[in-house]
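Colleague: Dropping the structure in here first, questions after.
The values are calculated or read from the model by the stated rules, or taken from the named source; none is laboratory data. Quick caveat: nothing in here was measured; it's all calculated off a predicted structure. Here the Cβ is made from the backbone with ideal geometry for all residues, glycine too, and neighbour counts use every protein chain on show.
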Amino acid sequence: MTILVTGACGFIGSWTVRRLLEYGERVVLTDLKRDYHRLRYVVGDPEKHPFVEGDISVPGFLDDVLSRFRVDAVIHLAAFQIPQCRANPVQGALVNVVGTVNVFEACRKHIGQVRRVVYASSAAVYGPPEIYGEGPVPVNAILRPTTHYGAYKVCNELTANAYWHEAGISSAGFRPQVVYGYGRDVGVTSDATRALKAGLARIPFKIRFGGMIDLQYVEDVADLFVKAALKDYPGARVYNIRGTVMHVSDLIKLIEVLIPESKGLLTYEDKPLPIPAVLDDSETERDFGPLLRTPPEEGLAQTIQFFRNLLARGELDLTDLKPQ
C-alpha cells in the first residue's frame, strides 16, 4: 500500500513513517516545511521518500498529492499543539479543524482510491477527571474539553463521523495522552521527554504537571496508527490508547534510577492534567490487538540512549528546555 503521512516531520509523524517502512509499505511525506531534523535520526535517510511541502489548511492542497502518488490510505498527524492553539485559537482552528476537513474532502474526491483515514485525536477531548468517577473511562463517555486543542479534536471526531455518513469514508481516530520518546519537544506533555534530556545535561527542570498520567511510548502509538491504516473496517471509529498509568513523582524516581546524575534536578508542579488518566482501551484491543505496551523502564531507557548518542556527538539540542 501507499500511505500518505501528514505532519511527517513531527514527533509521532517521524516514528509512524519509520514503522510504515518496517512494515514494508510505500510512504509519501507531507508537512508545512521540509524539516528533516527528527526524521534523519528516526528514519535514517528520509530523502529517499517522496516529500511534498504544503499547508493542509489550504483547500485543494492534497488533491494532486493523492492523485500523483496513488495514495491508498492517509495517516493524518499534522496539527498545532495545546500551547500553539492557546496562543492563537483562530490559527489553531484553521490548522486543526479546517485542515482536517480538507484531508477528508480530498479523500472524498478520491473515494474509489483512498480506502481510509487514520487520524490523531487526543485524550484532551475528555473533561476534568472528577466528571467521570472511578474506573477506566469508556470511549463513549461525555466529552467536555477545557482547552481549545481538545475542542478542536472533538470537532475532528465529529467531522470524521459526518464524512462516513455523507460520503462513506472509513476512519479511525486515536486518543493518545502523555506520549514520550525521541523528538517530543513541543506541548505541555512533552515535559516527560524533556525531563530526560534535562537530566542527561544536568540542567534543573520542572515538569509542568503532576498527579496521575498515562505514559505511552511513541513506538507503541506509531504501531497502532500503522495497524489501523492497513486494516479494512467500515465506519468512523474512535479509540482510546492505554499505556502505563503512574504518578509523576514515580516517573521522576524512575528517571533518577536510569540517569543517576539527574538526582535532585527534576521536580514537578503539583497540578494534575485536566483529563482522566485511566482510559478504557478494550475496544482498541478488540479491533487491533495484540497491542504493543512497552514498559516505561524499557521505553525511557531507549529514549535516554537516543539522547546519550546525540550528547556524545555534540548534537543534543537543548533549546527546547527553555520555558514554552
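Colleague: Condition first: among the β-branched types (Val, Ile, Thr) and over 14 Å from Val101 (Cβ atoms). Now tell me which residues in the stretch 155-187 satisfy that.
Modeller: From the stretch 155-187, those among the β-branched types (Val, Ile, Thr) are 159, 169, 178-179, 186; that's our starting set.
Within the stretch 155-187, Val178, Val179, Val186 qualify.
Colleague: Here's something else I'd like to know. Pull up the stretch 18-54, narrow it to residues that are touching a residue at least 40 places away in the same chain (Cβ under 8 Å) and among the acidic types (Asp, Glu), then point me to the one that is farthest from Gly99 (Cα to Cα).
Modeller: The residue in question is Glu25.
Colleague: Return the residue satisfying two criteria in turn: it lies in the stretch 1-31 and is more than 17 Å from the chain's Cα centre (by Cα) and part of a loop (DSSP other than H, G, I, E, B), and of such residues it is surrounded by the fewest Cβ atoms within 10 Å (Cβ to Cβ).
Modeller: Taking the candidates together, the pick is Gly24.
Colleague: Let me ask you something else. Test of understanding: among Asp35, Asp55, which residue is surrounded by fewer than 17 Cβ atoms within 10 Å (Cβ to Cβ), acidic (Asp, Glu), at pLDDT 95 or above and part of a loop (DSSP other than H, G, I, E, B)?
Modeller: Asp55
Colleague: What's the number of the only condition in (1) buried (at least 18 other Cβ atoms within 10 Å of the Cβ); (2) part of a loop (DSSP other than H, G, I, E, B) that Pro290 fails to meet?
Modeller: Of everything listed in (1) buried (at least 18 other Cβ atoms within 10 Å of the Cβ); (2) part of a loop (DSSP other than H, G, I, E, B), Pro290 misses just condition (1).
Colleague: Does at least one position in the stretch 137-158 carry a residue that is modelled with pLDDT under 95, more than 20 Å from Leu224 (Cα to Cα) and surrounded by fewer than 21 Cβ atoms within 10 Å (Cβ to Cβ)?
Modeller: no
Colleague: Would you call Tyr182 surrounded by fewer than 20 Cβ atoms within 10 Å (Cβ to Cβ), assigned to a loop (DSSP other than H, G, I, E, B) and touching a helix residue (DSSP H, G or I) at 6+ places or on another chain (Cβ under 8 Å)?
Modeller: Taking the combined requirement at face value, the residue does not satisfy it.
Colleague: Kindly evaluate Val125 against the criterion of being touching a Leu at 6+ places or on another chain (Cβ under 6 Å), surrounded by 23 or more Cβ atoms within 10 Å (Cβ to Cβ) and modelled with pLDDT of 95 or more. Before the answer, list the steps.
Modeller: Values: touching a Leu at 6+ places or on another chain (Cβ under 6 Å): yes; surrounded by 23 or more Cβ atoms within 10 Å (Cβ to Cβ): yes; modelled with pLDDT of 95 or more: yes.
Yes.
Colleague: Any residue that is outside any helix (DSSP H, G or I), at pLDDT 95 or above, within 19 Å of Gln302 (Cα to Cα) and among the acidic types (Asp, Glu) - is there at least one of those in the stretch 208-218?
Modeller: yes
Residue-wise test of (1) over 14 Å from Ala192 (Cβ atoms); (2) touching a helix residue (DSSP H, G or I) at 6+ places or on another chain (Cβ under 6 Å).
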{"residue": "Val238", "(1), (2)": "yes, yes"}
{"residue": "Val245", "(1), (2)": "no, no"}
{"residue": "Asp250", "(1), (2)": "no, no"}
{"residue": "Ile255", "(1), (2)": "no, yes"}
{"residue": "Glu269", "(1), (2)": "no, no"}
{"residue": "Asp280", "(1), (2)": "yes, no"}
{"residue": "Phe306", "(1), (2)": "yes, no"}
{"residue": "Leu310", "(1), (2)": "yes, no"}
{"residue": "Gly314", "(1), (2)": "yes, no"}
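Colleague: For Asp64, only one of the following conditions fails: (1) assigned to a helix (DSSP H, G or I); (2) under 18 Å from the mean Cα position of the chain (by Cα); (3) surrounded by fewer than 24 Cβ atoms within 10 Å (Cβ to Cβ). What is its number?
Modeller: Of (1) assigned to a helix (DSSP H, G or I); (2) under 18 Å from the mean Cα position of the chain (by Cα); (3) surrounded by fewer than 24 Cβ atoms within 10 Å (Cβ to Cβ), only one is false for Asp64: (2).
Colleague: Of everything in the stretch 243-264, what is surrounded by 19 or more Cβ atoms within 10 Å (Cβ to Cβ), touching a residue at least 60 places away in the same chain (Cβ under 8 Å) and either within 24 Å of Leu291 (Cα to Cα) or of a type in the set (Asp, Glu) (or both)? Give them in sequence order.
Modeller: Of everything in the stretch 243-264, just one residue is surrounded by 19 or more Cβ atoms within 10 Å (Cβ to Cβ), touching a residue at least 60 places away in the same chain (Cβ under 8 Å) and either within 24 Å of Leu291 (Cα to Cα) or of a type in the set (Asp, Glu) (or both), namely Gly243.
Colleague: Determine the pairs where a residue that is assigned to a strand (DSSP E or B), located within the stretch 105-122, has a partner that is surrounded by fewer than 24 Cβ atoms within 10 Å (Cβ to Cβ) and of a type in the set (Asp, Glu) with Cβ atoms under 6 Å apart, the partner being 6 or more residues away or on another chain.
Modeller: none
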